[in-house]
Amino acid sequence: MERKIPFEIEAPMDSFYFERNLMQLQKAGEQIANGKVVTKTLEELERLADES
């Protein structure tokens, strides 16, 4: 009679959008904008992993 589903459909909150994560993403964006970024190739990272 009401032409609707008789229950609600919900999905859990995606943890990607938690405030703490969003703050870290903003901080990372600021670091990138200020040129405070270190880049390594996969080979360099593997070498560092082998050294430890």
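For the chain, what does the accessible surface come to per residue with a 1.4 Å probe? Please give it in Å².
110
To the nearest 10 degrees, how steeply does helix 42-51 sit against the main Cα axis of the chain, on a 0 to 90 scale?
70
At a 1.4 Å probe, what is the % contribution of carbon and sulfur to the accessible area of the chain?
55
One-quarter of the Cα convex hull surface for the chain, in nm²?
Reported value for the Cα convex hull: 8.0 nm².
Expressed as an acute angle from 0 to 90° and rounded to the nearest 10, what is the orientation of the C-alpha long axis of helix 19-33 relative to the principal long axis of the chain?
Tilt relative to the chain: about 40 degrees.
The values are calculated or read from the model by the stated rules, or taken from the named source; none is laboratory data. None of the values given here were measured: they were computed from a predicted structure. Just the protein is used for accessible areas: all its heavy atoms, side chains included, with ligands, DNA and RNA removed. Shrake-Rupley method; radii C 1.70, N 1.55, O 1.52, S 1.80 Å.
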